[in-house]
1. Kindly check whether there is at least one residue in region 398-413 that is closer than 30 Å to Asp135 by Cβ and either aromatic (Phe, Trp, Tyr) or out of contact with any Leu (no Cβ under 7 Å at 6 or more places or on another chain) (or both).
2. Checking Tyr351 against (1) surrounded by fewer than 17 Cβ atoms within 10 Å (Cβ to Cβ); (2) more than 16 Å from Thr440 (Cβ to Cβ); (3) of a type outside the set (S, T, N, Q), which test does it fail?
3. With (1) of a type in the set (A, V, I, L, M); (2) part of a loop (DSSP other than H, G, I, E, B); (3) closer than 30 Å to Asn255 by Cβ as the list, and Ile53 as the residue in question, which single condition is left unmet?
4. Mind listing whichever residues of region 198-219 are farther than 14 Å from Lys153 by Cβ and small (Gly, Ala, Ser)?
5. So is Ile434 of a type in the set (A, V, I, L, M, F, W, C), within 16 Å of ligand 2 (Cβ to nearest atom), without any contact (Cβ under 8 Å) to a residue 24 or more places away in the chain and out of contact with any His (no Cβ under 7 Å at 6 or more places or on another chain) or not?
6. Looking at the structure I just gave you, is Glu329 outside any helix (DSSP H, G or I), open to solvent by 20 Å² or more (accessible area, probe 1.4 Å) and closer than 28 Å to Ser373 by Cα?
7. Anything in region 377-417 that is more than 16 Å from ligand 2 (Cβ to nearest atom) and of a type in the set (Val, Ile, Thr)? List them, or say none.
8. Among the residues of region 313-363, which ones are among the hydrophobic types (A, V, I, L, M, F, W, C) and within 16 Å of ligand 1 (Cβ to nearest atom)?
Amino acid sequence: MTRLSSYVVQIPLKDTNKTMLIHGYTGAIDVISNQTLEQITQSKHDLSGKISISNQTICKLKRRGYFTNLTREEEIAYVTKIAKLLHQRALIGKKSFGFLITYNCNFRCPYCYESKISNFGNGWSKKTFDTKLVDEAYAAMTAIEPNSRLHNKNLLLYGGEPLLKINHEVVKYIVEKGKSLGYTFSTITNGYDLAYYSDLLAPDKIASIQVTIDGVRNTHNKNRVHESGKGSFDVILHNIGIALNKGTHVNVRMNCNDANISEIADLHAIFQAQGFISNPNFNFYSALIYDYLGEIKNKDSHAKEQQFMNRDRFINISNQYPNHHFQDEGVFTKIKRAIESGKRIFLSPTYCAAFVGSYLFDPYRNIYSCWESLGNTRTIVGKYHNGEVTFNENLSNMHTYDVTKKTHCTKCKYVFLCRGGCPQKKEEKICEMIPQIFKTSANKAYRATCFPNKSIV
Ligand code: SF4
Ligand code: SF4
């Protein structure tokens, strides 16, 4: 019996008579007319002789997975098997590495997820990498993966704040050594001391930075608080200009809540006036502030006052800015890439690289996999020392965690697209949010490409 697969995502395309189909385990992506959709969906349980679309179209839809001979149970078993295979393949694939230069930071942002370990900035560890530790971390990379072709050639510089003025010499040592070994770097920085790093900003050194600006000057200065109490907006804006002039790619992230989301357009206008928007190396996007701190925010008056926005509202607002990029689990980019390349949409059984091959070295010789659990010693996955690396059971727990751990996910059509969500964030309403995100971002990707010409039916 041929029937409609249980893993067909259907997204109505606004202002058209068409629907985008994405297949949850083949990764096929197509646009069909709503008449064809009606034919297909009315044949949900048994196709034989019940629809009037051409044999050629039926064959095409079958080849791309939308029609199947498998029963519902057989499809679920198939999805579970693919998840394991994809996970195994990823585990023997490329590894990503990064340096947690220091846990220290010169900002006191009220929503900082690292406040749990820094006691709201009062207890930052000042421990920082030195050149001996840098050499040991590079040796650890080789110990973890001797085949350098299986190294992601872009290394991460992370913190705390990785680009503090006082860390310049050690960061220079890391970057120059990395460059001689064929690596480039990206970093997540608050951007305040960036001008002191202008010698390292270049496409073959620090090739990419992510900086946060949380609204127009006054709003940003309330949220992104320098330890001196001085405003940071103008300094960061100036430093972005320096980075762009050096050919470094700049991603500006605006962390949003109800208090600042209305400032997106004004901030965009400021970037336009600075000449950033027309620079191909500049990208501006908005993300949601997560409440990582829970009850501990009651210990700090600024953190306690922090507002958070729910994801539904964030998605609704993103519809009001069709030309602006909102953090959307990467859905827009994945669909756009698939359409433009003519290849299937990227499918993954794990939420992020932490579950397959991501290693961050800290200055205490600890290795972590998850960026957002840094400093929480219970989540250390291993240690490095003098070229030797030892791992503990946390790493095997990470490397065996995939979407099949949640049995309801294996039955879901978004299984390899949603990947079960981030286990750290534990978003309660993710199953309601994912279809909404797809609806918004698939429409955006459709408008941004020439997809109508590639329609198969
Ligand atoms: S917080 Fe979630 S998405 Fe980020 S590294 Fe950790 S597991 Fe991955
Ligand atoms: S978390 Fe929900 S939406 Fe995501 S794969 Fe699992 S069941 Fe589907």
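The values are calculated or read from the model by the stated rules, or taken from the named source; none is laboratory data. Bear in mind that the values here come from a model prediction, so they are computed numbers and not experimental data. As a convention, Cβ positions derive from the backbone with ideal geometry for all residues, glycine included, and neighbour counts pool all protein chains shown. Quick note on the areas: whole protein, heavy atoms, side chains included, nothing else; ligands and nucleic acids left out. Shrake-Rupley method; radii C 1.70, N 1.55, O 1.52, S 1.80 Å.
1. Yes, some residue in region 398-413 is closer than 30 Å to Asp135 by Cβ and either aromatic (Phe, Trp, Tyr) or out of contact with any Leu (no Cβ under 7 Å at 6 or more places or on another chain) (or both).
2. Evaluating Tyr351 over (1) surrounded by fewer than 17 Cβ atoms within 10 Å (Cβ to Cβ); (2) more than 16 Å from Thr440 (Cβ to Cβ); (3) of a type outside the set (S, T, N, Q) leaves (1) as the failure.
3. Ile53 satisfies all of (1) of a type in the set (A, V, I, L, M); (2) part of a loop (DSSP other than H, G, I, E, B); (3) closer than 30 Å to Asn255 by Cβ except (3).
4. Residues satisfying the conditions are Ser198, Ala202, Gly215.
5. no
6. yes
7. So in region 377-417, the residues more than 16 Å from ligand 2 (Cβ to nearest atom) come out as 377-400.
Across region 377-417, the qualifying residues are Thr377, Thr379, Ile380, Val381, Val389, Thr390, Thr400.
8. Val331, Phe346, Cys352, Ala353, Ala354, Phe355, Val356, Leu360, Phe361
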